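Trainee: Got a structure for you, questions after.
The values are calculated or read from the model by the stated rules, or taken from the named source; none is laboratory data. Computed from a prediction, not measured in an experiment: that's the story for all the values here. Reconstructed Cβ throughout: ideal geometry from the backbone, glycine too, with neighbour counts over all protein chains shown. Side chains are part of the model used for accessible areas, which takes the heavy atoms of the whole protein and leaves out ligands, DNA and RNA. Shrake-Rupley method; radii C 1.70, N 1.55, O 1.52, S 1.80 Å.
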Amino acid sequence: MNAPFAKVYVIDGKGHLLGRLATVVAKLALSGQKVVVVRCEEMNVSGSFFRNKVKLLNYLNKRCLSNPKRGPFHFRAPSRIFYRALRGMIPHKSARGEAALGRVKVFEGVPPPYDKMKRMVIPRALRVINLKPGRKFSTLSRLSSEVGWKYQNVVADLEKKRKVRSQAFYERKKAIANIRAKAVAAKEAELAPIKEQLVQFGH
């Protein structure tokens, strides 16, 4: 992905395919970019819900027979499921890979301060672009809640409150922009001679 360097990329995970988004995030992290992925619970996985649940339950059975405390560790939260997929695309046992993983943050919902930052999408990872219409897909939040994630309702309630706050902020921003536009229009006649003088000076 040829992306310009930014202080941090905040990516909205809603409607993205898990694997395709993980490839892009892995590439950005390995190139030295800080990445934050929010709303991981709204990510999609191609294939029917039943098929994906069977695969997930099969993965939960994998353990070290002699001492299960050694791993593998089966995280149930959507953000950690995404993190696990991402980790598989990064050489996480090397210093370079460990540093790259340290530059990635993953969250359910949109916690502060990222709720006030511009969020972006990755077109090449969006489900509506990559998945043929009519194909089955499942949502990460439902899969996680079926295998032991307990916070689906909590995150949903927090998201509702955040959207109310965001709407209020947007309405206020729109009202201020309208007032500014009217003020500029009202003073247009008074500013005309000043603008003519500025044009003479090459501005």
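Trainee: Students often check this: by mean Cβ neighbours within 10 Å, which of 63-70, 159-166 ranks highest, and how do the rest follow?
Mentor: Working: 63-70: 8.9, 159-166: 12.0.
Packing order, densest peptide first, comes out as 159-166, 63-70.
Trainee: Place +1 on the Cβ of every Lys and Arg and -1 on the Cβ of every Asp and Glu in segment 1-99, take the dipole about the Cα centre, and give the residue among GLY88, LEU57, GLY19 whose Cα lies farthest towards its positive end.
Mentor: Value: LEU57.
Trainee: Turning to a different aspect of this structure: Treating each Cα of the chain as an identical point scatterer and ignoring solvent, apply the Debye formula and state log10 I(q)/I(0) at q = 0.09, 0.10, 0.14, 0.15 Å⁻¹.
Mentor: -0.49, -0.57, -0.91, -1.01
Trainee: Per residue, how much accessible surface does segment 1-44 expose to a 1.4 Å probe? Answer in Å², no decimals.
Mentor: Details: 1770 Å² over 44 residues.
Result: 40 Å² per residue.
Trainee: Whenever you get a sec, compute what percent of the accessible area on the chain sits on carbon and sulfur atoms (1.4 Å probe). Display every interim value, and only then the final one.
Mentor: Numbers: 7910 of 13730 Å².
Ligands and nucleic acids excluded, carbon and sulfur reach 58 percent.
Trainee: Now for a different question. On a straight-distance basis, which aspartates and glutamates could pair with LYS53 in a cross-link, Cα separation under 14 angstrom, same-chain partners fewer than 8 positions away excluded?
Mentor: Cα-Cα hits under 14 Å: GLU146.
Trainee: What number comes out for accessible area per residue over segment 131-203 if the probe is 1.4 Å? Units Å², please.
Mentor: Details: 6230 Å² over 73 residues.
Accessible surface, normalised per residue, equals 85 Å².
Trainee: Give the lysines reachable from LYS195 as a straight Cα distance under 26 Å; neighbours fewer than 8 places away on the same chain don't count.
Mentor: LYS182, LYS187
Trainee: Kindly rank 112-120, 81-89 from highest to lowest mean number of other beta carbons found within 10 Å of each residue.
Mentor: On the way: 112-120: 12.4, 81-89: 19.3.
Answer by packing, highest mean first, reads 81-89, 112-120.
Trainee: Find how many whole Å separate the alpha carbon centroid of segment 124-203 from the alpha carbon centroid of segment 28-107.
Mentor: Using only Cα atoms, the two centres lie 29 Å from each other.
Trainee: Could you give the angle, 0 to 90 degrees to the nearest 10, between helix 18-30's Cα long axis and the longest principal axis of the Cα atoms of the chain?
Mentor: In the chain, helix 18-30 runs at an angle near 70 degrees to the longest axis.
Trainee: What does the charge count near ARG63 come to, summing +1 for each Lys or Arg and -1 for each Asp or Glu among other residues with Cβ under 14 Å from its Cβ? Show your work: numbers first, answer last.
Mentor: Details: positive: LYS62, LYS69, ARG70; negative: none.
Net of charged neighbours comes to +3.
Trainee: Please give the charge dipole size of the chain, origin at the Cα centre, charges +1 on K and R Cβ atoms and -1 on D and E Cβ atoms. Round to the nearest 20 debye. Display every interim value, and only then the final one.
Mentor: Numbers: 43 positive and 13 negative charges, 179 e Å.
The calculated dipole for the chain is roughly 860 debye.
Trainee: I'd like to know which of VAL155, GLN200, ALA189 lies farthest towards the positive end of the charge dipole of the chain, counting +1 on Cβ of Lys and Arg and -1 on Cβ of Asp and Glu.
Mentor: So the residue furthest toward the plus end is VAL155.
Trainee: First select every other residue whose beta carbon is under 14 angstrom from the beta carbon of VAL110; then total the charges, Lys and Arg +1, Asp and Glu -1. If you can, show how the numbers build up before the last one.
Mentor: Details: positive: LYS14, ARG39, LYS105, LYS116, LYS118, ARG119, LYS160, LYS161, ARG162, LYS163, ARG165; negative: ASP12, GLU41, GLU42, GLU108, ASP115, ASP157, GLU159.
Around VAL110, the surrounding residues sum to +4.
Trainee: Same structure, new question: Of PRO72, ILE122, VAL104, which is farthest along the charge dipole of segment 36-131 in the positive direction, counting Lys and Arg as +1 and Asp and Glu as -1 at C-beta?
Mentor: PRO72
Trainee: May I pose another question? Please report Rg (one decimal) and Dmax (integer) in Å for the Cα set of segment 1-90.
Mentor: 15.0, 48
Trainee: So, by mean Cβ neighbours within 10 angstrom, what's the order for 136-142, 103-109 with the highest one leading? Walk me through the numbers on the way to the answer.
Mentor: Values: 136-142: 17.7, 103-109: 20.1.
Ranking the peptides 136-142, 103-109 by packing returns 103-109, 136-142.
Trainee: Using Cα positions and a limit of under 26 Å, work out the lysines in reach of LYS163, with same-chain residues fewer than 8 apart set aside.
Mentor: Straight-distance partners of LYS163: LYS7, LYS14, LYS34, LYS105, LYS116, LYS118, LYS150, LYS173, LYS174.
Trainee: Assigning unit charges at the beta carbon (Lys, Arg +1; Asp, Glu -1) and nothing else, what dipole magnitude in debye, to the nearest 20, does segment 88-131 show about its Cα centre? Please list the in-between numbers first.
Mentor: Working: 9 positive and 3 negative charges, 34 e Å.
Rounded to the nearest 20 debye, it is 160 debye.
Trainee: Could you give the spread of the C-alpha atoms of segment 5-47 along their three principal axes, from largest to smallest, in whole angstroms?
Mentor: That works out to 33, 16, 10 Å along the principal axes.
Trainee: Once both axes come from the Cα atoms, what is the angle between helix 49-60 and the longest principal axis of the chain, in degrees from 0 to 90, rounded to 10?
Mentor: Tilt relative to the chain: about 60 degrees.
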